[in-house]
1. How large is the dipole of region 75-209 about the Cα centre if only Lys and Arg carry +1 and Asp and Glu carry -1, each at its Cβ, rounded to the nearest 20 debye?
2. How much space per residue, in cubic angstrom, does the convex hull of the C-alpha atoms of region 21-89 take up?
3. Straight distance only, please: which aspartates and glutamates reach the Cα of Lys207 with their own Cα at less than 20 Å, same-chain residues fewer than 8 apart left out?
4. Among the complete DSSP H segments of the chain, which ones combine at least 30 Å of alpha-carbon extent along their axis with a mean Kyte-Doolittle hydropathy of 1.6 or more?
5. Exceeding 22 Å between C-alpha atoms, which entries from my cross-link table qualify? They are Lys22/Lys110; Lys105/Lys157; Lys157/Lys187; Lys72/Lys151.
6. How far, in nm, would the chain grow between Ile49 and Met5 when pulled straight, counting 0.36 nm per residue and subtracting the alpha carbon separation?
7. Can you tally the net charge around Lys7? Count Lys and Arg as +1, Asp and Glu as -1, for every other residue whose Cβ sits under 10 Å from the Cβ of Lys7.
8. Simple spin-label model, 7 Å along Cα-to-Cβ: Asn180 to Lys107 in nm?
Amino acid sequence: MKFFMSKMIIFDLDDTLIDTKKRHFNIISDFLQHFFAEKKLISFSEYLILRKKNCFSNFDVINFLRNEKIEKKFFENYFLQRIEQENDLKTDSEIVNFDFLKNLKQKNIKLMVLSLRSNIENAIKQVKNFQFSTFIDDFIFLKHSDNPKTKVLSEIKGKNEILFYAGDSVIDYEAAIQNNISFFGVKTGFYEYDFSIYSDINEVLLKFF
């Protein structure tokens with residue numbers, strides 16, 4: 001039956017097809033200003049250097065900029081309230097090359113986005129504003145839990161020939177490996193793992209072609 005299955009490529013969204021780092025930077029800047037009246041905020045370029053050079057999380061950046069430690073839960077609560085608000089999502093930008101996706105569609109390859117988002121309504125609104133969305137056959141957004149992507153990938157695999165899944169996190173990697181699906185890891189989320197061997201999704205797609 002596999003011979004008759006549609007060929008498919010699945011992508012994660014955040015920091016795979018789109019760049020979310022500006023959104024993260026704005027949130028930690030607002031956090032420091034609102035709760036600690038910080039006046040000496042770093043620039044966006046300095047933020048990127050801190051994250052990339054030191055493999056810092058956003059919480060690591062916060063503590064690096066403060067003399068006294070901040071309770072992690074306190075920051076996480078603020079971050080989770082802000083990270084998917086509609087106005088904050090507007091700062092994201094496209095990473096993927098539009099023409100690469102166009103070429104894939106011309107080869108009759110189905111394209112899907114499988115991503116974790118808590119506010120699914122805002123996620124759907126956001127992706128409609130990106131040029132690449134016209135070539136995506138389906139968007140599946142799952143709320144955060146114990147790797148819900150694993151089960152969904154299994155269901156998709158039963159109906160399609162998945163060429164590969166591309167993402168930037170351990171969650172993406174584990175979901176693919178547990179389903180025996182080829183995985184391409186990208187470094188655009190600043191996560192440094194053994195599987196993150198491609199600089200961005202365009203490098204992955206160039207290899208595929």
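1. Values: 16 positive and 20 negative charges, 107 e Å.
My answer is approximately 520 debye.
2. Each residue corresponds to 88 Å³ of Cα convex hull volume.
3. Asp12, Asp15, Glu94, Asp99, Glu161, Asp168, Asp172, Asp194
4. Values: long enough: none.
Sorted by number, there is nothing, because no helix extends far enough and scores high enough.
5. Lys22/Lys110; Lys157/Lys187; Lys72/Lys151
6. Working: separation 44, 0.36 × 44 = 15.84 nm, distance 4.43 nm.
Gain in length upon complete extension: 11.4 nm.
7. Spelling it out: positives minus negatives among the neighbours equals +1.
8. For the pair Asn180/Lys107, the computed spacing is 2.3 nm.
All of the numbers you see were taken from the coordinates with simple rules; none came from a lab. Only a predicted model underlies this, so the values are computations on that prediction, with no experimental measurement involved. With ideal geometry, Cβ positions are generated from the backbone for all residues, glycine too; neighbour counts draw on all protein chains shown.
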